[in-house]
Amino acid sequence: MAIKPGKTHLSYSGKHTPVTDMVYLASGLGIVPILDQIKAITPKGSSSVKVSTVAWFNNNREDFDLAMDELESEYMKYPTKLAVSCIMDDLAKNPLEGNKEVEEAVPYFNAGTMAVISGPKSFTEMARGYLMRRGYPENCICVLP
């Protein structure tokens, strides 16, 4: 897989290669590195990734203003390769499990899928556990610092 965010590479140690599906979970400012990755992998021929799914979480509607225009622009360029869900919820009070919007936005694990999580530590820990309960092997999940 050819993802090169900034000066480092994402680490994928899963046994299912090539990576054909990316699942991104971001909270707040965690969308910034995710957006950079999306721009790197969505153009045709730039990677083995065929489909990317983004679930972006914020507590307030105004927080989506940070990168909504750029995210929408990428979606408009690649509507068959990119699925985007913006979910407004207070994750400190409501778990990911049982949330209909989250359940619809985040696919179950399939061979060839890699997940990337970005955001505050409390979110990344919650999201990592959620993905593992949905069948994602630990070695197919990357948590950005």
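The values are calculated or read from the model by the stated rules, or taken from the named source; none is laboratory data. Here the structure is a predicted model, which means the values were calculated and not measured. With ideal geometry, Cβ positions are generated from the backbone for all residues, glycine too; neighbour counts draw on all protein chains shown. Each accessible area value is taken on the protein alone, full model and side chains, heavy atoms only, with ligands, DNA and RNA left out. Shrake-Rupley method; radii C 1.70, N 1.55, O 1.52, S 1.80 Å.
For the chain, what's the relative contact order in percent, using C-alpha pairs closer than 8 Å and at least 6 residues apart?
It rounds to 31 percent for the chain.
Determine, from the Cβ-Cβ distance of residue 32 and residue 97 and an R0 of 30 Å, the FRET efficiency 1/(1 + (r/R0)^6), rounded to the nearest 0.05.
Working: r = 27 Å, r/R0 = 0.89.
Once the sixth-power term is evaluated, E becomes 0.65.
Between region 51-78 and region 88-145, what's the alpha-carbon centroid distance in Å?
With region 51-78 and region 88-145 each reduced to a Cα centre, they are spaced 17 Å.
In a solvent-free Debye calculation with one equal scatterer on each Cα, what is log10 I(q)/I(0) for region 79-133 at q = 0.24, 0.26 Å⁻¹, listed in the order of the q values?
-1.20, -1.37
Residue by residue, what Karplus-based ³J(HN,Hα) values in Hz, rounded to whole numbers, does region 101-111 have, using 6.51, -1.76 and 1.60 with θ = phi - 60° and x for Gly and Pro?
So the Karplus estimates, Gly and Pro as x, are 4, 5, 4, 6, 7, 9, x, 5, 5, 10, 3 Hz.
Quick one: accessible area per residue over the chain, 1.4 Å probe, rounded to a whole number of Å²? Write down the numbers at each step before the final one.
Numbers: 7750 Å² over 145 residues.
Per-residue accessible area for the chain comes out at 53 Å².
Take the Cα pairs of the chain, get the Kirkwood Rh, then feed it into Stokes-Einstein at 25 °C and 0.890 mPa s and tell me D in µm²/s. Don't skip to the answer; put the middle values down first.
Numbers: Rh = 15.2 Å.
Estimated diffusion coefficient is 162 µm²/s.
Give me the percent of DSSP beta bridges within the chain that run antiparallel, rounded to the nearest 5.
Values: 0 of 23 bridges.
Approximately 0 percent, going by the DSSP bridge assignments.
Mind ranking 106, 51 by accessible surface for me, highest first, 1.4 Å probe?
Working: 106 0, 51 55 Å².
Result of the area sort, largest leading: 51, 106.
Give me the percent of the accessible area of region 46-128 that comes from carbon and sulfur atoms, probe 1.4 Å, all protein chains in place. Present the calculation step by step, with values, prior to reporting the outcome.
Working: 2260 of 4530 Å².
It is 50 percent, rounded to a whole number.
Might you report the magnitude of the Cβ-based charge dipole of region 92-145 about its Cα centre, with Lys and Arg at +1 and Asp and Glu at -1, to the nearest 20 debye?
My answer is approximately 120 debye.
For a label point 7 angstrom out from the Cα of residue 133 toward its Cβ, which stretches of region 80-95 have the backbone nitrogen within less than 12 Å?
94-95
If each DSSP helix of 4+ residues adds -39,500 (n - 2.57) and the sum is divided by the residues in the chain, what number results at 222 nm, nearest 500 deg cm²/dmol?
Details: 4 runs with 40 residues, N = 145.
Rounded to the nearest 500, it is -8000 deg cm²/dmol.
Which whole-number percent gives the relative contact order of region 86-145, counting Cα pairs below 8 Å spaced six or more residues apart?
Relative CO of region 86-145 lands at 37 percent.
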